Amino acid sequence: MDPSAPGGRVVGGPSCDRFHAAGPTALCLQRRPGVPARSYVLVLDRRLREVRRIGLPGIPSRARVSASGNMLAWTMFATGDSYARSSFSTRTSILDLRTGYLVKNIEQIPLTLGGRRYHAPDVNYWGVSFAADDNRFYATVSTGGRTHLVEGDMRNWSAKALRENVECPSLSPDGTRLAFKKRVSDGPGEPWRLHVYELGTGREHAVAERRGIDDQALWTDRSTLAYGYGGAVWSVPADGTGTPRRLASGASSPAAPH
């Protein structure tokens with residue numbers, strides 16, 4: 001789904017449960033039929049032709065491509081199928097197309113939490129978002145019943161927690177802000193609200209979308225977010241003003257061409 005296209009759609013390529021595209025690369029996650037749950041990760045070119053296929057266990061959850069198209073990340077539910085439930089686990093992978101190197105599960109990345117090296121058997125990562133340098137990335141880590149925003153460094157293979165209660169971060173095109181979903185309720189219905197966090201100042205604010213959004217929002221430009229809700233793609237200004245606007249019905253996984 002491309003919000004800049006006529007009618008918000010470009011038809012073509014394979015059917016995907018999760019999708020993202022940037023630069024010359026697209027990433028498609030397909031759930032395969034059967035039990036236990038398994039999926040395909042499809043790497044596509046700019047014409048949506050398959051160039052690589054990876055079979056992995058789990059249910060598709062999140063997909064991201066760096067702005068250059070060189071770095072790919074995806075998250076699969078290993079158990080469970082919703083972040084609103086307490087009983088779930090995830091596997092997040094990163095693929096560098098320049099070298100072909102695949103990290104099947106980033107859980108072993110050395111993590112600094114509260115200023116100290118942290119180890120725990122319940123660590124889960126999800127929702128990777130890459131910086132423009134194809135080295136730094138942001139993601140969510142969950143452990144001990146809490147979620148944290150982490151900043152990762154591919155070159156030094158390390159990650160450090162920055163703040164609590166941040167899920168599915170999405171870095172703005174200028175690299176100064178993160179859109180994310182913040183838990184505002186312990187109820188199972190719609191526990192999250194979309195927020196924007198300013199990396200330089202540490203300030204955060206809610207956007208005008210008041211519904212519970214369980215998605216990794218996309219920056220369609222420096223001032224607008226797009227996201228899936230209720231079988232449609234919506235947009236809202238990132239600065240907290242305005243009102244949500246429906247971009248396309250029967251759609252998900254918005255992708256903005258660059």
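The values are calculated or read from the model by the stated rules, or taken from the named source; none is laboratory data. Note that the structure is predicted; figures quoted are calculated from it, not measured. Note that we place each Cβ from the backbone using ideal geometry, even for glycine, and neighbour counts take in every protein chain shown. Just so you know, the surface numbers come from the protein's heavy atoms only, side chains and all, with ligands and any DNA or RNA stripped out. Shrake-Rupley method; radii C 1.70, N 1.55, O 1.52, S 1.80 Å.
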- prompt: At ARG98 and ASN135, where each label point lies 7 Å from the Cα along Cα→Cβ, what is the point-to-point distance in nanometres?
  reply: 1.0
field: the chain, accessible area per residue, ligands and nucleic acids excluded (1.4 Å, Å²)
entry: 46
For the range 102-142, the spread of Cα positions along each principal axis, largest first, Å: 29, 24, 15
field: Spatial separation of Cα centroids for the range 82-145 and the range 188-258, in angstrom
entry: 22
Loop trypsin sites (Lys or Arg not before Pro), the range 23-96 (other Cβ atoms within 10 Å of the site Cβ: 15 or fewer; DSSP): ARG46, ARG47, ARG49, ARG85
message: Quick check: at a probe of 1.4 Å, how many percent of the accessible area of the range 120-248 sits on carbon and sulfur atoms?
response: 45
query: Starting at 0 and stepping by 5 Å, how many percent of the alpha carbon pairs of the range 203-254 end up in each bin?
result: 5, 23, 33, 28, 9, 2, 0
field: Stokes-Einstein translational diffusion, the range 146-191 - Kirkwood Rh over all Cα pairs, 0.692 mPa s, 37 °C, in µm²/s
entry: 270
- request: Rank GLY100, SER252, THR176 by how far each Cα sits towards the positive end of the charge dipole of the chain (+1 on Lys, Arg Cβ; -1 on Asp, Glu Cβ) and give me just the farthest.
  value: GLY100
statement: By the rule of no other cysteine beta carbon under 4.7 Å, the lone cysteines of the chain are CYS168
